[in-house]
Each structure stands twice: as structure tokens, then as C-alpha cells.
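Visitor: Here it is, the structure, as C-alpha cells.
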Amino acid sequence: MNWLLHRVLTLWVRYRILPEDIPARLQGRAAAVCYVLERRSVTDLAVLQRACVRLKLPRPRKRLLGESSDLRSYFYLSRPRGFWDERLDRRPPPQLEQMLAALDADPSLEIELVPVAVYWGRAPQREASWFRLLLVENWALTSRARKLLQVLFNGRNTLVELEEPIALRSLLGDEIGLAVRGRRVARALRGLYAQHRAARIGPDLSHRRTIVTRVLRTHAVRAAVAQEMREKSLTRRMALLQASRYAKEIAANYSHAFVRFLERLLAWLWNRLYDGVSVGHLETLERAAQGNEIVYVPCHRSHMDYLLLSYVIYVNGYPVPHIAAGINLNLPIVGRLLRMGGAFFIRRKFRGNGLYTVVFMKYLAAIMARGHSIEYFIEGGRSRTGRLLQPKTGMISMTVRSFLRDPARPVIFLPVYFGYERVVEGATYVGELSGKPKEKESVLGLVRALRKLRERFGRVHVNLGEPIALEDILDRHDGEWRTRAFDEDVRAPWIGAAVDDLAGRIMRNINAAAAVTPINLLAVILLAMPRQALAEADLERQIDLYRALLRGFPYSDRITVTDLSGAGIITYGEAMKVLQRQKHALGDVVRMSDESAVLATYFRNNVLHLFAMPSLLACVFSSNAEVPHDDIHRLAWRIYPYIAAELFLPWSEDELPAAVDGMLACMRTHRLIQFDADHALWRRPPPASGEAMQLSLLAQATIQTIERYYLAIAQLIAAGSGEITQSVLEERCQMNAQRIAMLYGLNSPEFFDRTLFENFIDLLRRRDVVRSSAAGKLEFDDVLMRVAADAQFVLSEQIRHSILQVTHS
């Protein structure tokens, strides 16, 4: 029967071995090797036997201790109690007890255990049958009939995972007796299997009703219900029903079969919309998944983000995370489907609603405690400008506090960067920035969006950033946190600082994993020109320069840059209908249309942080032919903190001098600037040279940002110290910025985005450059005047006069 089963499986089953290098580590072992299978299954054993034969590894059916022993080189960790009884017998297997006896009898004997897991149908990128959705691997006990169907329908997509060998003696304690030590070894192996099964197919989540019931039974929810009864004069039943409604409004209803169905649908959708989906640094997820609770924290560019990240995670063999989605997406039919895909819903604001807050926090704690990865967007909403928004720390705070109350598993935050070449909502974003009201999500709007399927959206990039261990953040703020007890009433003051630190690091790590696409480079360069046009040869040289700067002084080792040359990027831009070519006898001119230019600001802002440092240094030479080395450092020190806060740049103020020197050296290598060592000063190239034009274009990347700063400062100085509130100042800045954009033809809606002015003024207050009086008016002194003087040094006289003219009028 074994021979027949082996032959049948050889003809039908196709499997993949993970890790790929494990065979080399198992060959030639001095110790006896014994394979461990989690549950009794002759088909799993047959697949393992075949794999070992093909890979020339020790075979599981051979005798473990030589011809004198009947003990084979495998055993099942658990077995059914009987032929008709599918319940598992979890007592230590007799083979394990025989091995322990052999170790006692021969102190020189060494036996190594190799845990093996066989997953039937866990290769989603190869699925082609809808029926297989019903037969995928899960946590439930598998009957013989179901196993047969799994082999028939999912046998072509089988995953065999072999773990590192474990010395059996290392699992033994000081207990006396074979039975006690056997139970100890079995318990350790079961824990290992649970950990790895959770990493591969997701944790063992009970039905939605079970989780909701558990949440409602927690002490914190019961206390909140009692508080609701007192405050609103409700009966206990009414208050409990309200808590139940909140829990059901929040909770996901994850369906593994639906996720399998969705994977097929999304594969079709991506092929229809995009030229491909590129995933960068996937090995990061492989390292982070084992034994950790993963919290995915991506940037938020589009509604496609939810689907893209879940798809990428799933097709690469990892469980789909539970996703925090805005309650605005809980549409008829759509909301139910999103719940089945792992979405749980959160209200935009719930300050003052104590019962909802407690129910939500307990639901979050429940899915974290069960080991399920989660995902949320800490920007709060989609970025309309293309740059990262200031983080909203509510979800991070809840995650941190849930971990402190029950630190069951280490928590790893995994930043994710999305890089699009076109976004489905592009036209809507431009309209909203221009003053149109935000469109409310609706089923009708979703139907209208289906027309987009006929358009081309280029390639999309999903890059994984550097993971952040929560324990490392907590250690920085309180080294004794492990010894403290955290309950519902504890509000340690350092937790807020730790949350802010974590949020800032997440945003910086997202930016440090950016994908630089052809559209990004074209946007950065052509938007620097007054009419968004440039001679083809000049455009090609500028593209090659920017690619060289990114390589010469790397922003991060996780940045990915397009492999296309300057000429190839121009050709790609024409194919994407972003560029238009105008023939001319002296050389073709390449331009963007006015409509393309407005949308291009979004993609320029995606990567603006990568060019912020060289552009800031280039600005110094816009009005100055030569600048002393120390003055460059002083100007960078003065202006950098504001740009760093807006663009989430990676260098601290202590690291800034080295970063400035490194970038100056890189720019000198490409002849953008020259250094006079005798006088310790830097010079720009001759005005008529090609390098001078390249330097001038480079400066334009951040010149609008500095103009916004100067506009706000000039407006405040014109009003006088103690004469204007922050709200009035923000309104005046926005109105004047709109006027400047109209007068000088700036195709950049975010130039007059009020939020950017608000963030800049808040930073001025945090740095004590301005202060609020008792009456709420903004006060300032000579420090603000020095900031203004440094901004004047960078900006050209024409720009300064234009801003001052609009301000005074």
C-alpha cells in the first residue's frame, strides 16, 4: 500500500520546499535525524518520503537506530483516538518515549528532531479553480474524506516546510521519568507548530460572534456599560444592546474562502489596471513574521492601498491582516464583502463616546491577543497632495496600550510605501485641493469608477520599509516597563512621548522605502520649468543627473530607482501620455500639458523628500555666486528642521553636518558646485554652463516650500508681534498663496494648502520662535527676524519682492 500510494502521489502531487537552503543544512548530519509530523497523515508522510528521496536526505521510513531497532525515523505528534473518533490523542507518542529511553541508555547518542509541516493548497499565486477555495489549509481537524479532496484538488500546489534540526537533549529538563519528559518535549513541539502555522495561514480565529461575545464579557466593557447606564439613565439591557451594536459595527467577519476568491478577482483587476505590481524587500516580511505580531502601517495614497497590500501579502504565502477601515466604506453590500476580506470599521471621531472607545480597544486587543496581524493608515485619510500627512496617533496609542496590558507576543511595526504612476482618484484630488467639497463614498460612485478599467495606470510599487520593534521604542522611554503593571486606569506620562516617537519613526521609514518611478522623475524636473517644457537633450541629462545623485549619496538602502535611462524614461512618459513632443529644427521640445502638470505635482511630492537635501543646498546658490562653507552649514541648520518636519527627513540635527558635507561632496563630483579650499568656500559653476542650468533646476524642487515659509513669516511680521491669532494668520497665508498662484501661474494646488501653513506655524511655536499670548495672539522677537533673514538669503530678490507685494496689498 505504501508503494502504491507513493507512486500515485509521484504522478499527481507537485510541491515546493521551504526554506530553499534547508536540504544543504540537513545533509551529512552526524546525529540521527528523526522527522516530526504534526498530525497523523499517511499522505503527508508519503510526500515527505518522496521529497527526501529527491533531495538525497535521510529518509523517514528508514530505521533510526540501526537494524537492531524497529524505531523509524519519524513520528506523529498527535494521532486520532480511533478509526471513527477524530479527536486527537495528545499524549507523548510511544516512539518519542523509546527515543528518550535510548538517550538514557547511551549518553553518547545524539538524536535531532526536524519538524515538518505539509500545507495543501497554500500556493495562492498558482490557483486556478474556484472549488479549491473550499479545501484550503486551515486550523480545523481534517477528516479522511476532506484529506482525499485536498490531495485531488490542491495537490498541485503543496508546500513542504522543514524546520531547523533541534537536538532532542536540548528539550529535556531536569524532570525524572520518561512520561514527564515526553510531555515536556511534546508541549514544546506543539508550541512550535502553532507558531509556524500562524505565520503561514493565519491564527486560529473563532467566528465573529465568538469574538464579539468575548469583547462584551471583558471587565472594561462591563464597567463602561455601567457608566453608560448612569450617565444616560438606561436600563442594563439597553446599555448592553448598545455595546453589542458597537461591537458588531466594528468587527470583521473574516472568510478564508472569500479571500481565496478575492485573490483571483484582484489578479484579474491588477492585470487590467496596471502593467505590473513590483514588491520590494519582501525578505523583510519573512524575517518579521516568525513569532511576532505584525502591524502593517502603510502610507495612504488611494483606496487601492487596502486591496494591494492584502493581495501582495497573501500571494507570497502570509495571512491577510485585519484592516482598520473608515466607517465611510461600510456601504451596502460593499461593507459586508470588506468584512469578509478582513476589514474592521472605525469611526473617524469618537472622542466623548466612552462606551464605543472601550469596545473598540477591547476588540483590537482581542485580535492582537489571538496573533492576527493588523493594518491601519496612521495618516488618517488619503493624501491629496502626494506627500505624507502628519500622523494621527490614536490607533498607535491603542496598540501600544493593548500591548502594555498584555504583552503576549512581540509587536513589530512594518512600514509600507506605495508608489503609483497614476492614481484612480487623481482628478478628484485636484478638485478637492482647488476648493471643491470632498465626494462622499457611495455605491453609485463605485459603479462610476468602473469606467476607469479602460484606462492605463502604469506600474505600481509596494516597498516594505525597515521594521520597528515596539519593545525597542518602549526601552528608550522607560527601561523598567516590563516590571510595571498596566491596567485600564494607568496613564503613564511617558507613553504619549513613546507614541509620538514611534509615529515619527514610522513616517520616516515609509519615506526611506520610496520607489522612484519614471513619472516621479519627469514630474520633479518639468515642474521646475515655468512652462513645464524642456529641450529633449537637456531633459535627458537632468534625468541622468538625478539618478546619479540618488546613487552617489543614497537616502536609504531601501530606495528603489527605475532602471530606465534618461532616453528610456522620456519614451515611457510619451507612452503613458504624460509628455507631448514638439518638433523643432534645433531639437525636439518635450512638455507636459496643463492638465498633466497639475496632476504631476502629486507624483513630484511622492519623492520630494529624496531631493530635499541637494535642492536645499542648490537654493543657497540661486542668489549667491559663492558661499563660505560655514554659512552653508548655518543656513542648513536654520532651515532644515522645518523641511525635515514637513517631509519626514531621516537625519537628526546632530547628524545634519555629516549629511550636508556628504551631499556637497556628491554635488561636487557631478560638477554642480566647486570648492575653493584656500578660502573655505563653495562656488556655483559659470552661468553659461550646462551645470549651472542643472543646479538651477535642482533648486526649484524645494523653492516653493521656502517661499511658503517666507510668506508666513512676512505676513506675521507685517501684522506685528501680539497683533494676530494663528487662525487668522493661516487664513491670510492661504488667501495670499492662492493669489500668488493666480498671478504667477503656479500649477501646484498644495502651494495654498492651509494644513501646510498650520503645520509650519505649529513648528515655529514648538521651537519657541513664536509664542501665544494670554489673549491667543502670536508674539515673536529677534529669533523670527533671523529666520526671515536666512530665508531672504536663499530666495532671489524677484521672488521676495513678489511675495512682499502681495502681502502688503
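Visitor: Extent of segment 291-395 along each principal axis, from alpha carbon coordinates, in Å, largest to smallest?
Guide: So the three principal-axis extents are 41, 37, 31 Å.
Visitor: Considering only DSSP beta bridges with both partners in the chain, what is the antiparallel share in %, to the nearest 5? Display every interim value, and only then the final one.
Guide: Working: 32 of 67 bridges.
Around 50 percent antiparallel, to the nearest 5.
Visitor: Right, next: Taking residue 56 as the anchor, which aspartates and glutamates have their alpha carbon closer than 15 Å to its alpha carbon, excluding any fewer than eight residues away along the same chain?
Guide: Output for residue 56: 20, 21.
Visitor: Moving on. Just flag the GluC sites (Glu not before Pro) in segment 633-684 sitting in loop per DSSP whose Cβ has no more than 14 other Cβ atoms within 10 Å.
Guide: When the GluC sites (Glu not before Pro) of segment 633-684 are filtered for loop state and at most 14 Cβ neighbours within 10 Å, 653, 655 remain.
Visitor: For a protection proxy built on the mean count of beta-carbon atoms within 10 angstrom, sort 565-573, 769-777, 607-615 highest first, please.
Guide: Descending mean neighbour count gives 607-615, 565-573, 769-777.
Visitor: What chymotrypsin sites (Phe, Trp or Tyr not before Pro) in segment 240-292 are in a loop by DSSP, with at most 11 other Cβ atoms within 10 Å of the Cβ?
Guide: none
Visitor: Continuing with this model, one more query. How much solvent-accessible surface does residue 500 expose, in Å² to the nearest 10, with a 1.4 Å probe and all protein chains in place?
Guide: Accessible area, nearest 10 Å²: 100 Å².
Visitor: In what sequence, largest accessible area first, do 196, 584 appear using a 1.4 Å probe?
Guide: Working: 196 25, 584 110 Å².
Descending order: 584, 196.
Visitor: Moving on to the next point. Thinking of segment 1-71 as a set of Cα atoms, what percent of all their pairs are more than 15 Å apart?
Guide: Summing the P(r) of segment 1-71 above 15 Å gives 60 percent of all pairs.
Visitor: A follow-up question, please. To the nearest 20 Debye, how big is the dipole of the chain about its Cα centre, given +1 on the beta carbon of each Lys and Arg and -1 on that of each Asp and Glu?
Guide: My answer is approximately 4540 debye.
Visitor: Counting other Cβ atoms within 10 Å, keep those with at most 11, restrict to DSSP loop, and tell me which trypsin sites (Lys or Arg not before Pro) in segment 326-357 are left.
Guide: 348, 349, 351
Visitor: Along the Cα-to-C-beta direction of residue 101, a point sits 7 Å from the Cα; which residues of segment 181-196 have their amide N less than 16 Å from that point?
Guide: The answer is 181-183.
Visitor: In segment 586-697, how does Rg compare with the Kirkwood Rh, expressed as the Rg/Rh ratio over alpha carbon atoms?
Guide: 1.02
Visitor: Seen from all sides and averaged, what is the projected area of the convex hull of the Cα atoms in the chain, in nm²?
Guide: The Cα convex hull of the chain, projected and averaged over all directions, gives 43.6 nm².
Visitor: Apply the Kirkwood formula to segment 543-622: the hydrodynamic radius equals the inverse of the mean of 1/r over all pairs of different alpha-carbon atoms; give it in Å with one decimal. Please list the in-between numbers first.
Guide: On the way: mean 1/r = 0.0683 Å⁻¹.
The Cα-based Kirkwood calculation yields 14.7 Å.
Visitor: Report, ordered by chain and residue number, the aspartates and glutamates lying within cross-link reach of residue 62, taken as a straight Cα distance under 18 Å and ignoring same-chain residues fewer than 8 apart.
Guide: Partners within reach: 44, 70, 110, 112.
Visitor: Rounded to a whole number, what % of the accessible area of the chain do carbon and sulfur atoms account for, probe 1.4 Å? List each step's numbers first, then the result.
Guide: Working: 19240 of 36380 Å².
Exposed carbon and sulfur together represent 53 percent of the surface.
Visitor: Let me ask you something else. Helix-derived [θ] at 222 nm for the chain: sum -39500 (n - 2.57) over DSSP H runs of at least 4, divide by residue count, nearest 500?
Guide: After summing the helix terms and dividing by the residues of the chain, the value is -16000 deg cm²/dmol.
Visitor: For segment 220-291, count the residues as N, evaluate 2.2 N^0.38 Å, and divide the Cα radius of gyration by that value, please. Can you show the working numbers first?
Guide: Details: Rg = 22.0 Å, N = 72, 2.2 N^0.38 = 11.2 Å.
Output field value: 1.97.
Visitor: Set the Förster radius R0 to 41 Å, insert the Cβ-Cβ distance between residue 210 and residue 316 as r into 1/(1 + (r/R0)^6), and round the FRET efficiency to 0.05. Intermediate results must be reported in sequence, preceding the final value.
Guide: Details: r = 29 Å, r/R0 = 0.71.
Computed FRET efficiency for residue 210 and residue 316 comes out at 0.90.
Visitor: Could I ask something else about it? Taking the dipole about the Cα centre of segment 277-415, with the C-beta of Lys and Arg at +1 and of Asp and Glu at -1, give me whichever of 359, 342, 408 is farthest to the positive side.
Guide: 359
Visitor: How charged is the neighbourhood of residue 535? Take every other residue with its Cβ under 10 Å from the Cβ of residue 535, and add Lys/Arg as +1 and Asp/Glu as -1.
Guide: Working: positive: 541; negative: 536, 538, 540, 588.
Overall, the nearby charge balance is -3.
The values are calculated or read from the model by the stated rules, or taken from the named source; none is laboratory data. As the structure is a computational prediction, the values presented were derived from the model and not from experiment. Here the Cβ is made from the backbone with ideal geometry for all residues, glycine too, and neighbour counts use every protein chain on show. Ligands, DNA and RNA are excluded from the accessible area calculation, which covers all protein heavy atoms including side chains. Shrake-Rupley method; radii C 1.70, N 1.55, O 1.52, S 1.80 Å.
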